[in-house]
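The values are calculated or read from the model by the stated rules, or taken from the named source; none is laboratory data. Computed from a prediction, not measured in an experiment: that's the story for all the values here. Because the Cβ atoms are built from the backbone with ideal geometry, glycine has one as well, and the counts that use them run over all protein chains shown. Heavy atoms of the whole protein, side chains included, go into the accessibility calculation; ligands, DNA and RNA do not. Shrake-Rupley method; radii C 1.70, N 1.55, O 1.52, S 1.80 Å.
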Amino acid sequence: MAWVTDFAPTTVELNACIDCGLCLPVCPTFGVTGDESASPRGRIAAMRAVDRRLVEVDERFAEVMGLCLQCRACEVACPSLVQFGRLMEGARAEVAAQLPDWRTVATRTVFGRAIASRSAVVLLSWVVGAVQRMHLASVLPGSAAKATALRTIPLPVPTTAGHEWLPEGEPIGTVGFLAGCVMDQWYSDVHTAVIQVLRTAGYRVVAPKNQTCCGALAAHEGAAYDAAKMAAQNVEAFDGFDLVVVDSAGCSAHMKGYGHWADGGDDLASRIIDANELIATLLDADLLPHIEGDTPIAVQDPCHLRHAQGIAEEPREILRAAGYSPVETDPAGTCCGAAGAYQLDHPEMSAILGMAKSTQVRATGLNLVASANPGCEMQLKAHLDSGTVVAHPIELYWDALRSR
Ligand code: SF4
Ligand code: SF4
């Protein structure tokens with residue numbers, strides 16, 4: 001038995017790798033371990049071995065695939081354009097299907113089902129919001145305690161889906177808006193900032209009620225069939241919008257690959273735009289104002305913005321328009337170790353990378369950091385001093401705009 005799911009890596013995809021090794025220096029897990037099996041090339045070799053029926057999907061295969069952060073830095077370095085993110089999602093789907101255990105069930109329950117249910121996410125947000133207010137973090141186990149160190153969740157919890165916002169001034173069009181799963185309650189300030197900036201530029205913003213989670217976490221964790229269902233639901237929900245704005249890097253990156261996940265997915269993928277891209281374009285077109293200033297700010301690049309979508313200049317442009325002077329922290333854009341559920345599965349590797357990232361930020365001497373992804377923000381906050389502020393570039397732009 002080689003592969004059993006519809007999402008498995010194909011022989012053609014695997015043979016695109018020419019074993020050149022150019023991806024090894026950019027791979028964070030290879031950088032930490034120096035182990036070929038923790039490199040992109042080593043992981044592809046393991047997938048090929050299964051594809052050729054030389055080995056089975058076993059515990060060792062699961063371990064080799066599990067250590068990958070899915071940061072996709074290797075895709076940028078690859079001269080052969082290997083779609084590594086796709087291969088890894090397929091390999092994870094196979095592990096989940098062929099080695100079912102409590103983790104598979106938990107992953108499917110949380111990232112495949114609960115996260116797709118708005119009422120379940122709202123209920124969870126109420127619980128976390130209440131725990132935050134009762135200052136109970138110290139009595140909770142590690143990862144749960146970390147969750148309470150998130151931004152304070154507003155109570156009653158807000159929900160974006162099912163609402164629309166009219167433009168201010170001269171209308172220039174309508175955009176669809178992804179509410180997301182936990183982003184909606186846990187990072188509602190970011191949603192507010194993006195929506196208000198788009199209104200200021202003249203957009204009507206509509207968040208359709210029948211949308212769901214983008215499915216990125218499900219795809220990354222091997223719950224591929226659930227990810228496909230979520231993609232199909234969003235294809236239907238966002239039908240008719242010329243542009244669909246997404247303000248979490250992990251979500252926009254995943255939705256730009258919807259062609260792989262649902263019928264009609266290619267069409268929606270072509271209409272997905274990350275909020276950083278759209279707002280930078282509006283600034284270029286002078287549909288939004290530039291605010292004077294040169295306050296230094298450290299910048300962190302989320303992998304799913306920089307590596308998966310090639311978006312790096314846009315957040316810096318937004319920060320400059322907000323009156324900030326971006327200070328680089330890491331020219332290579334190495335993963336901070338957040339990587340969705342990775343912090344729970346591989347706390348040691350996640351901590352090594354989180355410490356390295358926080359050292360780079362501290363070296364700037366700044367206590368203000370811009371990051372355009374909620375997972376990265378969480379990881380930075382967990383490893384930086386409590387006085388350091390981490391914010392989304394568009395949030396900073398909206399703050400500057402409204403306090404003019
Ligand atoms: S996705 Fe990131 S961690 Fe995984 S193999 Fe590629 S570079 Fe390494
Ligand atoms: S850079 Fe691309 S082709 Fe070269 S080893 Fe890595 S994945 Fe294979």
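Once C-alpha pairs closer than 8 Å and six or more residues apart are averaged by separation and normalised to the residue number of the chain, the relative contact order reads 14 percent.
By the scheme Lys and Arg +1, Asp and Glu -1, what is the net charge of all other residues having a beta-carbon under 15 Å from that of T10? Once all neighbours under 15 Å are counted, the net charge is -1. Against the longest alpha carbon principal axis of the chain, how many degrees, from 0 to 90 and to the nearest 10, is the axis of helix 347-362 turned? Helix 347-362 sits roughly 40 degrees off the main axis of the chain. If you count Lys pairs in the chain whose Cα atoms are under 26 Å apart, skipping same-chain pairs closer than 8 places in sequence, the total is 6. Taking a ≥ b ≥ c as the square roots of the Cα gyration tensor eigenvalues, the range 222-275 comes out oblate, since a/c reaches at least 1.5 and a/b does not exceed b/c. Rounded to the nearest whole Hz, the Karplus-based 3J(HN,Hα) values (6.51 cos²θ - 1.76 cosθ + 1.60, θ = phi - 60°) of the range 306-315 follow the sequence 6, 7, 7, 10, x, 9, 10, 6, 4, x, with x at glycine and proline. The GluC sites (Glu not before Pro) found in the range 257-352 that occupy coil by DSSP, while having at most 11 further C-beta atoms within 10 Å, are E292. Each residue was assigned an accessible area with a 1.4 Å probe, and for W126 the value is about 110 Å².
Net charge of the neighbourhood of D263, taken over other residues with C-beta under 15 Å away and scored Lys/Arg +1, Asp/Glu -1, is -4. For the range 264-336 versus the range 1-76, the inter-centroid distance based on Cα atoms is 30 Å. For D286 and R53, the FRET efficiency from 1/(1 + (r/R0)^6), where r spans their Cβ atoms and R0 equals 60 Å, is about 0.50. Each residue of the range 52-59 was assigned a 3J(HN,Hα) from its phi angle through the Karplus expression (A = 6.51, B = -1.76, C = 1.60, θ = phi - 60°), giving 8, 6, 7, 9, 9, 6, 10, 4 Hz with x at Gly and Pro. Dividing the mean sequence gap of close Cα pairs (under 8 Å, 6+ apart) by how many residues the range 291-402 holds gives a relative contact order of 33 percent. Under the simplified labelling scheme, the M1-L123 pair shows an inter-label distance of 3.3 nm, with each label point 7 Å from Cα along Cα→Cβ. Per-residue SASA remark: M1, around 120 Å² accessible (1.4 Å probe; ligands, DNA and RNA not included).
What is the distance in Å between the Cα centres of the range 170-237 and the range 345-396? So the two Cα centres are separated by 24 Å. Considering only alpha-carbon pairs that sit under 8 angstrom and 6 or more positions apart, the relative contact order computed for the range 163-259 is 36 percent. Of Y203, Y342, the residue with the largest accessible area leads and the full order is Y203, Y342 (1.4 Å probe).
At the residue level, M134 shows approximately 110 square angstrom of accessible surface with a 1.4 angstrom probe and all protein chains present.
Net charge of the neighbourhood of H307, taken over other residues with C-beta under 9 Å away and scored Lys/Arg +1, Asp/Glu -1, is 0.
Each residue of the range 88-100 was assigned a 3J(HN,Hα) from its phi angle through the Karplus expression (A = 6.51, B = -1.76, C = 1.60, θ = phi - 60°), giving 5, 4, x, 5, 5, 4, 5, 4, 4, 6, 9, 10, x Hz with x at Gly and Pro.
So with the 1.4 Å probe, I'd like the accessible area per residue for the chain, rounded to whole Å².
42
Isolated cysteines of the chain, defined as having no other cysteine beta carbon under 4.7 Å away, are C17, C20, C27, C68, C78, C336, C376.
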